[in-house]
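Throughout, read-outs are computed from the coordinates displayed, never taken from laboratory work. In this text the structure is predicted, and so the values were computed from the model without any measurement. Virtual Cβ from ideal backbone geometry, glycine too; neighbours counted across all protein chains shown.
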Amino acid sequence: MRSFITLLTGLALAASLGACQQKSASTAVTDDDMSLGNPAAKVTVIEYASVACPHCADWDMNVFQAFKKKYVDTGRVHYIAREALVHDPALAAAGFLTARCAGKDKYFQVVDAIYHAQADMESSGQPRAALLNIAKSAGLTEAQFNTCINDDKALAAINARWQKYIDEDKINSTPTFVINGKVYDSGEMPLPQLDAAIAEAEGAKKAGS
């Protein structure tokens with residue numbers, strides 16, 4: 001995954017500069033966003049996360065399914081995932097590109113599989129082999145996988161999105177959650193904390209309608 005190095009140069013500096021700025025993350029949904037649930041829901045939860053981030057993996061494995069069942073599947077929350085290139089930017093980029101190449105209908109399946117394989121990838125030092133297995137399970141051939149993770153145009157696009165999240169949304173840590181515009185950047189949010197934040201957002205929406 002050496003081809004990522006050039007395009008990812010400067011991310012650490014950009015992130016450190018972003019850390020000095022006040023946060024005001026955008027809630028505007030774009031065509032590049034990956035989402036689940038009802039777009040017309042009263043509450044939008046945006047998660048900025050990296051598939052190379054251990055805390056993001058913990059949240060995915062321990063909270064996400066319960067959150068999804070309670071809020072996303074019932075139409076109460078529109079969930080948006082935004083891709084951060086932190087911890088191991090090359091691995092994060094390769095993982096997200098693989099998920100996108102698998103298609104929107106399999107995107108979250110692939111991301112979840114990467115989170116579950118994250119610890120093994122780190123301990124083995126062989127992330128490519130693990131990513132290839134995940135790609136194959138999602139229907140990609142090895143040739144398609146190689147083309148996917150070495151797509152300079154797609155890589156430049158994901159890098160540009162992350163730079164925008166740093167510059168405009170002031171994101172410098174993962175996971176960061178934005179619930180109807182309110183930023184929660186203290187890390188993993190357990191379900192009770194999400195319950196309270198979503199109830200607050202629903203109450204504010206009701207009072208303003």
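Is the stretch 96-209 best put as rounded, prolate or oblate by its Cα gyration tensor, with a ≥ b ≥ c the root eigenvalues, rounded for a/c under 1.5, and otherwise prolate when a/b is larger than b/c, oblate when not? It is prolate, given that a/c is not under 1.5 and a/b is the larger ratio.
To the nearest ten degrees, helix 127-137 and the longest principal axis of the Cα atoms of the chain are 70 degrees apart. Taking all Cα pairs closer than 8 Å and separated by 6 or more residues, the relative contact order of the chain comes to 34 percent.
Relative to the longest principal axis of the Cα atoms of the chain, the long axis of helix 191-208 lies at roughly 50 degrees. Annotation for ASP152 and LYS206: the two label points, set 7 Å from Cα along the Cα-Cβ direction, are 5.5 nm apart. Placing dummy labels 7 Å off each Cα toward the beta-carbon, the span from ASP120 to LYS182 is 4.0 nm. Modelled this way, with points 7 Å down the Cα-to-C-beta line, the labels at ALA196 and ASP33 are 2.5 nm from one another.
The long axis of helix 152-167 is offset from the longest Cα principal axis of the chain by roughly 40 degrees. Lysine pair count for the chain (Cα-Cα distance under 20 Å; residues 8 or more apart in sequence or on different chains): 24. Here Rg and Dmax of the Cα atoms in Å was computed from the coordinates, and among (1) 17.0, 57; (2) 16.5, 46; (3) 16.8, 54 the match is (3). For GLN144 and ALA160, the difference between the fully extended length at 0.36 nm per residue and the C-alpha to C-alpha distance is 3.5 nm. Among the trypsin sites (Lys or Arg not before Pro) in the stretch 100-207, those located in a DSSP loop and surrounded by at most 11 other Cβ atoms within 10 Å of their own Cβ are LYS104.
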